[in-house]
1. Residue 28 versus (1) among the β-branched types (Val, Ile, Thr); (2) at pLDDT below 95; (3) not in a loop (DSSP other than H, G, I, E, B): which is the lone unmet condition?
2. I'd like to verify a number: residues in the range 70-91 that are among the aliphatic types (A, V, I, L, M), at pLDDT below 95 and either more than 16 Å from residue 105 (Cβ to Cβ) or open to solvent by 40 Å² or more (accessible area, probe 1.4 Å) (or both), how many?
3. Select from the range 45-69 the residues that are over 16 Å from residue 106 (Cβ atoms), part of a strand (DSSP E or B) and polar (S, T, N, Q) and write down the one among them that is least open to solvent (accessible area, probe 1.4 Å).
4. Can you say whether residue 21 is of a type outside the set (A, V, I, L, M, F, W, C), over 15 Å from residue 110 (Cβ atoms), open to solvent by less than 60 Å² (accessible area, probe 1.4 Å) and part of a strand (DSSP E or B), as far as the supplied structure shows?
5. Quick check on the range 31-44: of everything there that is among the charged types (D, E, K, R) and assigned to a strand (DSSP E or B), which residue is surrounded by the most Cβ atoms within 10 Å (Cβ to Cβ)?
6. Restricting to the range 93-107, name every residue that is touching a Phe, Trp or Tyr at 6+ places or on another chain (Cβ under 9 Å) and part of a strand (DSSP E or B).
7. Considering only residues of the range 1-15 that are over 17 Å from residue 79 (Cα atoms) and touching a residue at least 40 places away in the same chain (Cβ under 8 Å), which is surrounded by the most Cβ atoms within 10 Å (Cβ to Cβ)?
Amino acid sequence: QVQLVESGGGLVQPGGSLRLSCAASRVIFTIYDMAWYRQAPGKQREWVASITRGGTTNYADSVKGRFTISRDNGLMTEYLQMNSLKPEDTAVYYCYIQTGTGNYWGQGTQVTVSS
């Protein structure tokens with residue numbers, strides 16, 4: 001069973017930055033797409049960004065130009081650099097990966113944007 005360990009969440013003021021990381025707990029031979037989702041209180045989980053194995057990225061309109069997704073295939077890790085954060089970015093952020101043997105979610109990390 002693969003576990004995804006997330007880190008980097010926290011409290012930040014509007015306009016600030018955070019970098020989330022998500023690392024696999026063991027070696028995975030084939031990782032396809034990697035993505036980040038988020039879930040705000042009282043709302044459904046929504047897709048934020050994704051990156052293919054070849055490095056092609058896509059973003060939700062709400063974060064385009066402010067967030068950057070990246071990955072390190074050798075370290076089996078993905079990142080989400082979040083800049084110009086807004087109060088509406090407050091949510092629990094989840095990483096997600098597609099592998100040759102199954103799809104997996106991280107445990108979630110809280111991001112709170114507040115003054």
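The values are calculated or read from the model by the stated rules, or taken from the named source; none is laboratory data. Here the structure is a predicted model, which means the values were calculated and not measured. We place every Cβ from the backbone using ideal geometry, glycine too, and count neighbours over all the protein chains shown. Protein only, heavy atoms only, side chains kept; ligands, DNA and RNA dropped before computing areas. Shrake-Rupley method; radii C 1.70, N 1.55, O 1.52, S 1.80 Å.
1. Condition (3) is where residue 28 drops out.
2. Restricting attention to the range 70-91, the residues satisfying the condition of being among the aliphatic types (A, V, I, L, M) are 75-76, 80, 82, 85, 91.
Right, trim to at pLDDT below 95 and you get 75-76.
Now restrict to residues that are either more than 16 Å from residue 105 (Cβ to Cβ) or open to solvent by 40 Å² or more (accessible area, probe 1.4 Å) (or both): 75.
Going through the range 70-91 one residue at a time, the tally reaches 1.
3. 57
4. Working: of a type outside the set (A, V, I, L, M, F, W, C): yes; over 15 Å from residue 110 (Cβ atoms): no; open to solvent by less than 60 Å² (accessible area, probe 1.4 Å): yes; part of a strand (DSSP E or B): yes.
When the stated conditions are applied, residue 21 does not pass them.
5. Going residue by residue through the range 31-44, those that are among the charged types (D, E, K, R) are 33, 38, 43.
Narrowing the set further to residues that are assigned to a strand (DSSP E or B) leaves 33, 38.
On the way: 33: 17, 38: 23.
Taking the candidates together, the pick is 38.
6. If we filter the range 93-107 for residues that are touching a Phe, Trp or Tyr at 6+ places or on another chain (Cβ under 9 Å), which is where we start, we get 93-101, 103-107.
Across the range 93-107, the qualifying residues are 93, 94, 95, 96, 97, 98, 99, 103, 104, 105, 106.
7. In the first step, residues of the range 1-15 are kept if they are over 17 Å from residue 79 (Cα atoms); the result is 1-2, 11-15.
Restricting the remaining residues to those that are touching a residue at least 40 places away in the same chain (Cβ under 8 Å) gives 2, 11-15.
On the way: 2: 16, 11: 12, 12: 18, 13: 10, 14: 13, 15: 11.
The residue in question is 12.
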